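Peer 1: For reference, the structure I am asking about is given below.
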Amino acid sequence: MTVGDLHSHAAPPEDWEAPRQKAGQSVETLELRSGATLILSRFSPGAPRSFRFTEPEDTFGFGFHLRGGATFETEDCRFVTRALDVWTCAAPRGSTSQFLLPLEGFRTVSIRFEPHIAEGFFADGLALPKGARDILKRVGEATGIARLAPLTAAATTKAETMFTTPYGDAARRLYLESCAFDLLAGQVASLSGGAGDRRRIPPRHRAIAFAARDHLDSRLQNPPTIAELSRTVGTNEFTLKRAFKATLGTTIFAYVSRRRMAHATSLLQQGMTVSLAAREVGYGCVRSFSAAFRRQTGCPPSAIRRAGH
């Protein structure tokens, strides 16, 4: 089957930038850190859509596919996704690709890296799956793809919530970052079956976790991104997340949420209005704050304020 066959039943290929401006679909981009980008792509069911894309720079990335049926064809290879597939791909600057999105719709979480940034992400003993490691080595020479371990039930739920999270402002960014790194960490964990979680926590990892906790406590109103926090405590994002969870028994996002709501509870009990308490813990939207507070505590913030008087 040729590229022409793949796209014969779809409209002429569109530039990939085009869907950002159309109804029923969205392509949201978030820079996780310099050289690492999260992309959330969502297309509602409808007629098949054909797109083309030219890589502006050498790139290495992962695609977590919540729906299947999309066909991708590059100068060197072709593949068709299935629901819950995880693919890794490397492509040199100037390489082109075409892809056909099916009538069933398309929902994918993508994480793209500059190659040297990817090498840093997977440092400190965090091994890439072999297929990904092999294509990363020759990223500047040719396009390469590999299918990795499929999404687990927990990872699928996490990826789905990235499209529906009710959080706003800094909380949403922190949540999306946390989910993205969790999806990547899941691919690393699949190599060892999670055995690393059963090992004794190294003293260095405990020190990292406690330093990160102290820094978060000082920045509850405007929490740092995971990339910023990792630089502050002198490690990379993966090591930070693993050390934090192993040492403190919770994720960075959950810890920040719990501490914010605990501080807000104290302020409300002292008589502060809901809107001021929301602002004090970093929420620009009272509605978002109230929803987050109810999820965390089981009751609305107004009830805490009334009980304090």
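Only the coordinates and a few stated rules stand behind these numbers; no lab work does. None of the values given here were measured: they were computed from a predicted structure. Glycine also receives a Cβ, built like all others from the backbone with ideal geometry; neighbour counts cover every protein chain displayed.
Peer 1: Cut-off is 10 Å between beta-carbons; in what order do CYS89, CYS299 appear when sorted fewest neighbours first?
Peer 2: Details: CYS89 23, CYS299 12.
Exposure proxy ranking, most exposed first: CYS299, CYS89.
Peer 1: Which peptide among 218-226, 275-283 comes first, and what is the full order, when sorted by highest mean count of other Cβ atoms within 10 Å?
Peer 2: On the way: 218-226: 16.6, 275-283: 19.6.
With the highest mean Cβ count within 10 Å placed first, the list reads 275-283, 218-226.
Peer 1: Subtracting the Cα-Cα distance from 0.36 nm times the residue separation, let me have the gained length for THR96 to ARG231 in nm, one decimal. Walk me through the numbers before you get to the answer.
Peer 2: Values: separation 135, 0.36 × 135 = 48.60 nm, distance 3.47 nm.
Result: 45.1 nm gained on full extension.
Peer 1: For segment 128-245, just list the percent of Cα-Cα distances falling in each 5 Å bin from zero outward, please.
Peer 2: All Cα pairs, binned at 5 Å, distribute as 2, 10, 17, 17, 19, 18, 11, 5, 1, 0 percent.
Peer 1: Could you run the Karplus curve 6.51 cos²θ - 1.76 cosθ + 1.60 with θ = phi - 60° over segment 63-78 and give me ³J(HN,Hα) per residue in whole Hz, x for Gly and Pro?
Peer 2: Once rounded to whole Hz, the list reads x, 10, 9, 7, 10, x, x, 7, 10, 10, 9, 10, 5, 10, 7, 9.
Peer 1: Pull up all non-local amide H partners of GLY68: gap of 5 or more, or a different chain, and H-to-H distance under 5 Å with H placed in the peptide plane.
Peer 2: ALA83
Peer 1: Return the FRET efficiency for the residue pair CYS299, ARG279: r is the Cβ-Cβ distance, R0 is 22 Å, and the value is rounded to the nearest 0.05.
Peer 2: Numbers: r = 20 Å, r/R0 = 0.92.
Once rounded, the FRET efficiency stands at 0.60.
Peer 1: Is the shape of segment 256-307 rounded, prolate or oblate, going by the alpha carbon gyration tensor and its root eigenvalues a ≥ b ≥ c, with a/c under 1.5 for rounded and a/b larger than b/c for prolate? Could the numbers behind the result be given before it?
Peer 2: Working: a/c = 1.29, a/b = 1.14, b/c = 1.13.
Taking the square roots of the gyration eigenvalues as a ≥ b ≥ c, segment 256-307 is rounded.
Peer 1: Here's another thing I want to ask about it. Could you work out how much longer the chain between ARG52 and ALA262 gets when fully extended? Use 0.36 nm per residue separation minus the Cα distance between them, nm to one decimal. Walk me through the intermediate numbers first.
Peer 2: Numbers: separation 210, 0.36 × 210 = 75.60 nm, distance 4.86 nm.
Full-extension gain reported as 70.7 nm.
Peer 1: What is the local net charge at GLY68, summed over the other residues whose Cβ is closer than 13 Å to its Cβ (Lys, Arg +1; Asp, Glu -1)?
Peer 2: Details: positive: ARG67, ARG82, ARG107, ARG147; negative: ASP85, GLU104.
Within the 13 Å Cβ shell, the charges total +2.
Peer 1: Over every pair of different alpha-carbon atoms in segment 3-150, take the mean of 1/r and invert it; report that Kirkwood radius in Å. Before the final figure, lay out each step's value.
Peer 2: Values: mean 1/r = 0.0636 Å⁻¹.
With all distinct Cα pairs of segment 3-150 included, I get 15.7 Å.
Peer 1: Moving on to the next point. Only four residue types carry charge here, +1 at the Cβ of Lys and Arg and -1 at the Cβ of Asp and Glu. Report the dipole size of the chain about the Cα centre in Debye, rounded to the nearest 20. Let's see the in-between values first.
Peer 2: Numbers: 40 positive and 29 negative charges, 328 e Å.
Its charge dipole is roughly 1580 debye.
Peer 1: Please list, in chain and number order, the residues 5+ apart from GLU57 or on another chain whose amide H is under 5 Å from its amide H, with Hs placed from the backbone.
Peer 2: Here the answer is GLY94, since their amide H atoms fall under 5 Å of that of GLU57.
Peer 1: What are the ³J(HN,Hα) values, in whole Hz, obtained from phi via the Karplus relation 6.51 cos²θ - 1.76 cosθ + 1.60 with θ = phi - 60°, for each residue of segment 219-235 in sequence order, with x given for Gly and Pro?
Peer 2: Values per residue, Gly and Pro as x: 10, 5, 6, 9, x, x, 5, 5, 5, 5, 5, 5, 5, 4, 9, x, 8 Hz.
Peer 1: For segment 268-274, in order, what is each residue's ³J(HN,Hα) by Karplus, 6.51 cos²θ - 1.76 cosθ + 1.60 with θ = phi - 60°, in whole Hz (x at glycine and Pro)?
Peer 2: Result, ordered by residue: 5, 5, 7, x, 5, 5, 4 Hz.
Peer 1: Taking the radius of gyration and the Kirkwood hydrodynamic radius from Cα positions alone, what is the Rg/Rh ratio for the chain, to two decimal places? Can you show the working numbers first?
Peer 2: Working: Rg = 21.5 Å, Rh = 21.1 Å.
Ratio value, two decimals: 1.02.
Peer 1: Counting only pairs 8 or more residues apart or on different chains, how many lysine pairs in the chain have their Cα atoms under 25 Å apart?
Peer 2: Lysine pairs meeting the criterion: 4.
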